[in-house]
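Take a look at the structure set out below.
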Amino acid sequence: MVSRPRLVVAGSLAILAAVAASALTVPPAVARAGKSPLALGTGGAIATVDLDASRVGLQVLKKGGNAVDAAVAAAAALGVTEPYSSGIGGGGFFVGYDARTRRVYTIDGRESAPGRFRPTSFLDAKGRPLDFSEAVTSGLSVGVPGTLRTWERAVERFGTQPLGRLLAPAARLAEHGFVVDKTFHDQTAGNLDRFRTFAPTRRLYLPGGRPPAIGSVFRNPDLAHTYRLIADRGPSFFYEGRLAGEIVRAVQHPPVAPGTTQRVRRGLLTTYDLGRYQAPFQAPTHVGYRGLDVFGMAPPSSGGSTVGEALNILERFHLSSMTRPQAFHHYLEASRLAFADRSRYVGDPAYVNVPLRALLSDGFARERACLIQPRQALLGTVAPGSPDGHYTRCRPASGAAVVDKQSLGSTTHLTTADKWGNVVSYTFTIEQTGGSGIVVPGRGFLLNNELTDFSFGPAVPGTPDPNLPAPGKRPRSSISPTIVLRDGRPVLALGSPGGSTIITTVLQILTDHLDLGASLPAAIAAPRASQRNADPGVAEPAFLASRLGRVLQNRFGQQLVVVTPPPTFSAEFFNPEIGAATGIGFLPHGVLQAVAEPKRRGGGAALVVHPRR
């Protein structure tokens, strides 16, 4: 018999004791800054990476708004305070739980390729893939933004307040400003050369020619005005009105600063592309895991399929009876196998046949799980499996191993819940830290570089690649907003930023929390390692220095190195971190446990409507 999750089924006193114990680990620096990564209470909750954004969402909840309203208002605020990770120039994936129907729904707000984009658009004149840095800092990398359409769809179907009202707090925040912290300063400094390339970006984010000083107040009146125009005229102003034309001009004729020597490629976006964009509702992915129901995002995100497949593989093993190194070895190997299948089979289902049902089947999981050796890591990259419906007890993998870009990217995640039981897990992004680097002149927001998530060319010549570019296609994403239910009611909601490490971060938190008995705060705070079918994998310095990290490398043969910055970001200002997750746990008697990242990216902020000690 498979063991049940120890923390989830524990008695309420044990759970509350674990919560109280984890509260003692809040770093003093975070507490002194007036924010806490942990909040316990009732009436509604929110957790984001930023205190200003969490406060905006909390006020919406206090004034009678629901979880969707709070999520949209907080997301708009993060577009002000976390502009290098999010904003209306990007996209994302929205997973929600509707308490009335007790069903999980999702919205696909992924950016799409322009109609003139081709499989060869990221190749040079000689047919060679463009240098990644050249592709990122360009109009060519900009996909049709989906964030605003996502907010519109979510509020229309499941919200209680008009979108214009929900944008108002973010507009005030942009107008009055926020205090610059070390993370904002370092992210600006890390993009110094890129931001200098574009005149409006330089004017906004490099006042006086350098990053805003820590402790100074940063204001963005252009974004405040943009939000107010959208509130007044509706999203059509962005997708079909005057702003649409301004976005297209910035993409097709990037506003480079005088004296710029860097080559900046023009983009292919048109007003027609913007006008036809839709953010559709779609069915979530679903797997059963140790008596729980785990829901995630379906393709074009690979988050739900890859997390789900890895969980199915791990369910073949009694992790709770293993030592921590043994359990983490299995976590890394399950992730390795699931990533091999992700790279071979997952893309935009409107363009490729994604065998989603087979990838998430128990039969396929059993066949893949048999490849895991209990005390020895699989070396190198592994080949994908065959999700064909014909499964043997242990079929060796065959075919070419496919490894895609091992990018970090930059994203943000928020989690909300309300007093009626509605829940939102929402991850959104502009891709790299700072996106394409292009601020739309006079509008105060950065445009994404999301099209660089496409494969620039076939990963393995002669092997089908489901992620090659095509007109209108949505690039494969790793975004993994997740909601876990038991008997139709929420147990846990979580998500994280981090490029393709999003998947492993969510999987590590789930495994640590559900199988190994860690409290949710402890699981979110724990040092991380990521195996994405490549040797070596990557890890945070604290993980490598820990006994767990040493045992995994010395006894199990796991190859891990410290995580490194993306090529577009200055190493001097890079913090070797993986993710910055947020989540909400649903405890007995209606108690909500809101949890944010305690240290990474400066630490997040968790708030509840009616706090409890």
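The values are calculated or read from the model by the stated rules, or taken from the named source; none is laboratory data. If you're wondering where the values come from, they're calculated on a predicted model, not measured in any experiment. Backbone-built Cβ (ideal geometry, glycine too); neighbour counts: all protein chains shown. Ligands, DNA and RNA are stripped out before the accessible areas are found, and what is left, the full protein with its side chains, is counted by its heavy atoms. Shrake-Rupley method; radii C 1.70, N 1.55, O 1.52, S 1.80 Å.
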Exercise. Which of the following values of percent of Cα pairs over 42 Å apart was calculated from the structure shown: (1) 34; (2) 27; (3) 15?
Worked result: (3)
Exercise. In deg cm²/dmol, rounded to 500, what helix-only [θ] at 222 nm does the chain give when every DSSP H run of at least 4 residues adds -39500 (n - 2.57) and the total is split over its residues?
Worked result: -9500 deg cm²/dmol
Problem set entry | Cα Rg, Dmax (largest Cα-Cα span) when computed across the stretch 328-401, Å | 12.3, 41
Problem set entry | Within the accessible area of the chain (1.4 Å probe), percent carbon and sulfur | 53 percent
Seminar exercise, completed: Here the relative contact order (percent) of the chain, from C-alpha pairs under 8 Å and at least 6 apart, is 26 percent
Problem set entry | Alpha-carbon gyration tensor eigenvalues x 5, square-rooted, for the stretch 212-326, Å | 44, 22, 18
For this session: Over the stretch 483-533, consider all pairs of different Cα atoms and compute the Kirkwood hydrodynamic radius from their mean reciprocal separation; express it in Å, one decimal.
Result: 11.6 Å
Problem set entry | Candidates per trypsin sites (Lys or Arg not before Pro) in the stretch 91-127, loop by DSSP, up to 14 other Cβ within 10 Å | ARG100, ARG102, ARG116, LYS126
Problem set entry | Simple Cβ-charge dipole of the stretch 543-605, Lys/Arg +1 and Asp/Glu -1, about Cα centre, in debye nearest 20 | 260 debye
Problem set entry | Net charge over other residues, Cβ less than 13 angstrom from the Cβ of LEU548 (K, R count +1; D, E count -1) | +3
Problem set entry | For the stretch 256-379, accessible area per residue (1.4 Å probe, heavy atoms of protein chains only), Å² | 37 Å²
Problem set entry | Neighbourhood net charge (12 Å Cβ-Cβ; Lys/Arg +1, Asp/Glu -1) for THR271 | 0
Exercise. What accessible area, in Å² to the nearest ten, does a 1.4 Å probe give for THR381?
Worked result: 60 Å²
Seminar exercise, completed: Of the convex hull drawn through the C-alpha atoms of the stretch 503-613, the volume per residue in Å³ is 136 Å³
Exercise. Rolling a 1.4 angstrom probe over the protein heavy atoms, how many square angstrom per residue are accessible across the stretch 476-613?
Worked result: 31 Å²
Exercise. Heavy-atom accessible area per residue, the stretch 81-133, 1.4 Å probe: how many Å²?
Worked result: 37 Å²
Problem set entry | Loop GluC sites (Glu not before Pro), the stretch 133-228 (other Cβ atoms within 10 Å of the site Cβ: 16 or fewer; DSSP) | none
Seminar exercise, completed: Residues other than GLN376 with Cβ under 10 Å of its Cβ, Lys/Arg counted +1 and Asp/Glu -1, net out at +1
Seminar exercise, completed: Under the rule rounded for a/c under 1.5, else prolate if a/b exceeds b/c, else oblate, using alpha carbon gyration tensor axes a ≥ b ≥ c, the stretch 432-587 is classed as prolate
Problem set entry | Value of relative contact order over the stretch 407-532, rounded to a whole percent, pairs C-alpha under 8 Å and six or more apart | 23 percent
Exercise. Translational D (Stokes-Einstein, µm²/s) of the stretch 48-94 at 10 °C and 1.306 mPa s when Rh comes from the Kirkwood sum over C-alpha pairs?
Worked result: 149 µm²/s
Problem set entry | Largest to smallest accessible area among HIS329, HIS390, HIS253 [probe 1.4 Å] | HIS390, HIS253, HIS329
Exercise. With every protein chain left in place, what is the accessible area of ASP181 in Å² (1.4 Å probe, nearest 10)?
Worked result: 60 Å²
